[in-house]
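Each reported figure results from applying straightforward, stated rules to the coordinates on display, with no laboratory input. If you're wondering where the values come from, they're calculated on a predicted model, not measured in any experiment. With ideal geometry, Cβ positions are generated from the backbone for all residues, glycine too; neighbour counts draw on all protein chains shown.
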Amino acid sequence: MKIITPKAADLFVVFFLASFTLWYGISSWQVSDSAENLILILPVGIIALVLCSIEIINQLLGRSHPIESGQPVKQVLPVMSLFTAYVLSLEWLGFDIATTLFIAAFLLMQGERRWVWVIGYSICFGMFMSYFFAQMLPYPMPMSIFPTDY
Amino acid sequence: MVDIIDTVAIAEGASLVFSSFEPWLVVIPGIILGLIFGAIPGLQISMAMAIFLPATLYMDFLEAMLFLTAIFTGGSFGSGIPAILMNIPGTSSAIATAFDGYPMAKKGEHNKALGVALGASCFGVLFGYMILFLLIKPISGFVLKLGPSEMFMVILWGMTLIASLRGDSMAKGLLSGFIGLLIGTIGFSGAGVARGTMGNEYLLDGVPVIPAMMGMFAASELFKLINTNYLVEDQDARKVSVKEILSGFKHAFSHPWVMLRGSIIGVFVGAVPGVGSSVSNLLSYIETKRRDKDPESFGKGNPKGVVAAESANSTSEAGSMATLLALGIPGGGATAVMLAAFAMHNITGGPQFIREETDIVYAIIIANFGQVLILMVLGLLFIPLLANIVKVPMNYLVPSVLAMATFGSFGLTGNISGPVTVLVFSCVGWVFSRLNYSIPATVIGILLGSMAEDALLQTYQISGGQLSYLFDRPMTMVILAMLLISLFGSKVTAMLTNKAKDSANA
């Protein structure tokens, strides 16, 4: 079952882009209506809105172009959610633990059942990358196991 | 000619470089560092140069410059490696490399693609420094004539051209670019007010550009690869072959005009501070596609696309060095670090430097000819190691690259805004690619948005709001004409040809 038809998704995105353009233009106008502030935003915003209108007309008249084939949405959404959880947990779990858990969870999600590989690879990758970047970067990173000033 | 080339200084420069082996000792580690930092997504050439800048304190000025230019040279090529193997351009100058390099890798032509990139890069660096050798003074004069109106036109040219690449829906392509430009202006404006930040302090400096680029290009592509087994499906095509890398290297030279055109675009557009290398690789790619007999094959794994992009971005190094040496203006992050090295050695770049230290300038240029040979050897040793990426199963590669992009983005911003930007733009990129929007156009828009705004604002201030000012700037009008020709030239020609045919038939 499809959550949303491709045509509706296409139309929704154009409306979203038009709404973003309008919101950004109006909020920029509200903070300052000087030429210095609006010199690029105003003309570019107007052009973007015109292009959105053209695209909406194209889609309503059925002249829109087909959606590129790709992975089904239901296969991508769990991975996107996992990646979101990983990024949002970085400050809480630290790069070392969060990365290890992310890699392990991803491998399990993709059907890897060799536990030695899942545990071994995720720990080695997570720890090595965390140590490498912690040594290379000039500022502290959030960590749980490695020492940090974050 | 006598005025342009100073033969005495050349002889002195050559003697500085070749009289002892010492200057060369720093070149090999410099190129290796550049290759490593360029090849790891998220680590930047400028970051490598900044990290190792303190080491140059213990070197004399020439050695310091050779070390830093070696990192620059290695990094310029290195950033093309993840563009080809993972669709992650290490820097904005490698965006066009991914257009055909990645499809080549997916077809199992990763060895050839990497070889082609190395060949075109070596030629580009050599050609660029050759032009610098002959024309450093005229180039610096040319750059001095470029004002903000020309900068704005170059930005607009690059962005609209890339937007028009989306042949099936130009409206969507242009919309992607203009939305990118708007996103690029988020944060503090020249008027000192914050726009579109929604009260988020991380956005005051604008959307972090490179993490956005990583999200749009890499993460969105990785989401599409879920449930595939390998980057290259055919097991026989997954092998790493030095022979094929070498044949790719040679193949690059079978398109001399593509390389030459890319290099000429690279050296002159690359000299434009700020936008040079980001735009030159795109212009070269688009020109090559436009002039090719089979433009439809581009974007599907045509080696000429890789040649065009790599020859232009490698030559841009020489272009940006011209502005640094002759004018003391850094064109980007890497040359800004070099300017810091100038300061550390109490040297000021600019016309006076060129006049008084001509031998050093020529020594740097001559040493870079040698660096090409070293890059060739080290590149050929290094590529087979990296090409093994195609042998890694996708269920291991996808989370590893996503995690690397996350680490790298934190490295770029120093706070959590980098990883969050990667996350947000990976989702945007995935939606855009599914619905046929142009990801490169959006990225270029984000990359150049604030720069375009500054250039337009300066033009407005200089002209006092008079449009006639633009007509007094021949270079602006030339770039505008080229922009219009590139956008509509082929359509107008086709229309005229059809009309001529119709009238002939009538």
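Given R₀ = 41 Å, FRET efficiency for B:M495-B:L380 by Cβ-Cβ distance, to 0.05?
So the FRET efficiency works out to roughly 0.25.
Applying 1/(1 + (r/R0)^6) with R0 = 56 Å to the Cβ-Cβ distance of A:E112 and B:L260, what FRET efficiency is obtained, to the nearest 0.05?
0.70
Of B:V17, B:V267, B:V209, A:V50, how do they rank once you tally other Cβ atoms within 10 Å and put the fewest first?
Going from sparsest to densest Cβ surroundings: A:V50, B:V209, B:V17, B:V267.
Please work out the FRET efficiency for the pair B:Q458 and A:A85, using the Cβ-Cβ distance as r and a Förster radius of 56 Å; give the result to the nearest 0.05.
0.80
Can you grab the distance from the C-alpha centre of region B:168-186 to the C-alpha centre of region A:86-141, Å, no decimals?
Value for the Cα centre distance between the two parts: 35 Å.
Just A:E112, A:E55, A:E36 to compare: in a GNM of chain A, with alpha carbon springs under 10 Å, which one fluctuates most?
Greatest mean-square fluctuation among the candidates belongs to A:E36.
Mind giving me the nanometre distance, one decimal, between the label points for B:A55 and B:L134, set 7 Å out from Cα along Cα→Cβ?
3.5 nm
Give me the compactness ratio for region A:73-136, meaning the Cα radius of gyration over 2.2 N^0.38 Å.
In units of the 2.2 N^0.38 Å rule of thumb, it is 1.15.
For the protein assembly as shown, place one equal point scatterer on every Cα, skip the solvent, and apply the Debye formula. What is log10 of I(q)/I(0) at q = 0.08 Å⁻¹?
-0.59
Mind listing the phi-derived Karplus ³J(HN,Hα) values for region A:86-93, rounded to whole Hz, using 6.51, -1.76 and 1.60 with θ = phi - 60°, and x for any glycine or proline?
Karplus values, whole Hz, x for Gly and Pro: 4, 5, 6, 8, 4, 6, 7, 8.
Show me, bin by bin at 5 Å from 0, the whole-percent P(r) of region B:38-125 based on Cα pairs.
P(r) over region B:38-125, rounded to whole percents: 3, 16, 23, 20, 15, 11, 7, 4, 2, 0.
I'd like the projected area of region B:368-455, averaged over all directions, using the convex hull of its alpha carbons. Report it in nm² with one decimal.
9.6 nm²
If you project the alpha carbons of region A:6-60 onto their three principal axes, what span does each projection cover, largest first, in Å?
40, 15, 10
Neighbouring Cβ atoms within 10 Å as the yardstick, rank B:K145, B:K391 fewest first.
B:K145, B:K391
Take B:F152, B:F425, A:F132 and order them by how many other Cβ atoms sit within 10 Å, fewest up front.
So the ranking, lowest neighbour count to highest, is A:F132, B:F152, B:F425.
Using only the alpha-carbon atoms, what does chain B span along each of its principal axes? Please give whole angstrom values in decreasing order.
Dimensions of chain B along the principal axes of its Cα atoms: 66, 61, 61 Å.
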